[in-house]
Amino acid sequence: MDSIDLKILALLQKDATLSIAAIGEQVGLSQTPCWKRIQRLEADGVIDRRVAVLDPVKLGLGLTVFVSIETADHSKDWLERFADRIAAMPEVLEFYRMAGDVDYMLRVVVADMAAYDTFYKNLIATLPLKNVTSRFAMEKVKSTTALPLPAPPPRGRAEPRLAVVGE
């Protein structure tokens with residue numbers, strides 16, 4: 001992956017609706033080579049998918065909950081069954097297996113406390129859980145889907161730095 005690929009990725013992270021012509025113009029390529037690079041990045045799995053980012057509050061989903069889960073069972077079979085059940089819960093936007101004092105962490109988005117109570121009751125009915133702790137977000141201070149992209153180091157320097165659109 002070279003500096004042009006990184007610039008393309010930075011642009012697409014900011015606005016995936018940009019035309020190939022607009023992207024190519026900003027990175028110094030004509031449309032065909034630009035499109036081929038984007039296709040390669042998709043084929044290589046660097047670009048996972050292109051989506052629309054929706055505003056949960058405008059959709060009536062104003063409550064974000066971070067749910068920490070501890071279990072007494074750490075078997076592969078238990079995790080597979082639990083992951084299957086969590087995957088079927090549309091309220092769960094993110095699901096992580098953790099290191100540290102909790103085993104799993106969920107990010108859950110629901111309309112309100114009553115909706116969370118329904119979700120919670122469904123969650124604890126899935127499989128035996130040792131402990132479930134819910135933390136309610138009061139305010140979203142920062143939210144981004146853009147990853148910090150590494151940039152090729154300047155000549156003569158080996159330290160990595162972040163790519164900046166428009167460099």
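The values are calculated or read from the model by the stated rules, or taken from the named source; none is laboratory data. These figures come from a predicted structure and were not determined experimentally. Heads up, the Cβs are rebuilt from the backbone with ideal geometry, glycines too, and the neighbour counts pull from every protein chain shown. Heavy atoms of the whole protein, side chains included, go into the accessibility calculation; ligands, DNA and RNA do not. Shrake-Rupley method; radii C 1.70, N 1.55, O 1.52, S 1.80 Å.
Candidates are the residues of segment 1-12 that are open to solvent by less than 60 Å² (accessible area, probe 1.4 Å) and within 22 Å of the chain's Cα centre (by Cα); the one that is farthest from Val46 (Cα to Cα) is Leu11. Applying the selection to segment 55-77, what residues are under 20 Å from Ser143 (Cα atoms), open to solvent by less than 40 Å² (accessible area, probe 1.4 Å) and hydrophobic (A, V, I, L, M, F, W, C)? Answer for segment 55-77, where residues must be under 20 Å from Ser143 (Cα atoms), open to solvent by less than 40 Å² (accessible area, probe 1.4 Å) and hydrophobic (A, V, I, L, M, F, W, C): Leu63, Val65, Val67. Considering the conditions (1) open to solvent by less than 60 Å² (accessible area, probe 1.4 Å); (2) modelled with pLDDT under 95, Arg50 is excluded by exactly one of them, (1).
The criterion of being of a type in the set (Asp, Glu), assigned to a loop (DSSP other than H, G, I, E, B) and over 29 Å from Met113 (Cβ atoms) does not hold for Asp77. Taken over segment 124-148, the criterion of being hydrophobic (A, V, I, L, M, F, W, C) and touching a Phe, Trp or Tyr at 6+ places or on another chain (Cβ under 6 Å) is satisfied by Leu127 alone.
Okay, residues lined up against (1) more than 21 Å from Thr144 (Cα to Cα); (2) of a type outside the set (Lys, Arg); (3) not assigned by the TED database to the domain that holds Phe95:
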{"position": "Leu18", "(1), (2), (3)": "no, yes, yes"}
{"position": "Leu29", "(1), (2), (3)": "yes, yes, yes"}
{"position": "Lys36", "(1), (2), (3)": "yes, no, yes"}
{"position": "Val65", "(1), (2), (3)": "no, yes, no"}
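One residue stands out among those in segment 38-57 that are part of a loop (DSSP other than H, G, I, E, B) and small (Gly, Ala, Ser): the one that is nearest to Pro148 (Cα to Cα), which is Gly45.
Being on the phi < 0 side of the Ramachandran plot and more than 18 Å from the chain's Cα centre (by Cα) holds for only one residue in Asp48, Asp77, Asp15, Asp55, and it is Asp77.
Among the residues making up segment 109-141, those that are touching a residue at least 40 places away in the same chain (Cβ under 8 Å), more than 25 Å from Lys58 (Cα to Cα) and open to solvent by 40 Å² or more (accessible area, probe 1.4 Å) are Pro128, Leu129, Lys130, Asn131, Thr133.
Just one residue in the set Glu80, Glu94, Glu25 is charged (D, E, K, R) and surrounded by 14 or more Cβ atoms within 10 Å (Cβ to Cβ); that residue is Glu25.
Among the candidates Gly100, Gly28, the residue that is among the small types (Gly, Ala, Ser), more than 30 Å from Met138 (Cα to Cα) and more than 18 Å from the chain's Cα centre (by Cα) is uniquely Gly28.
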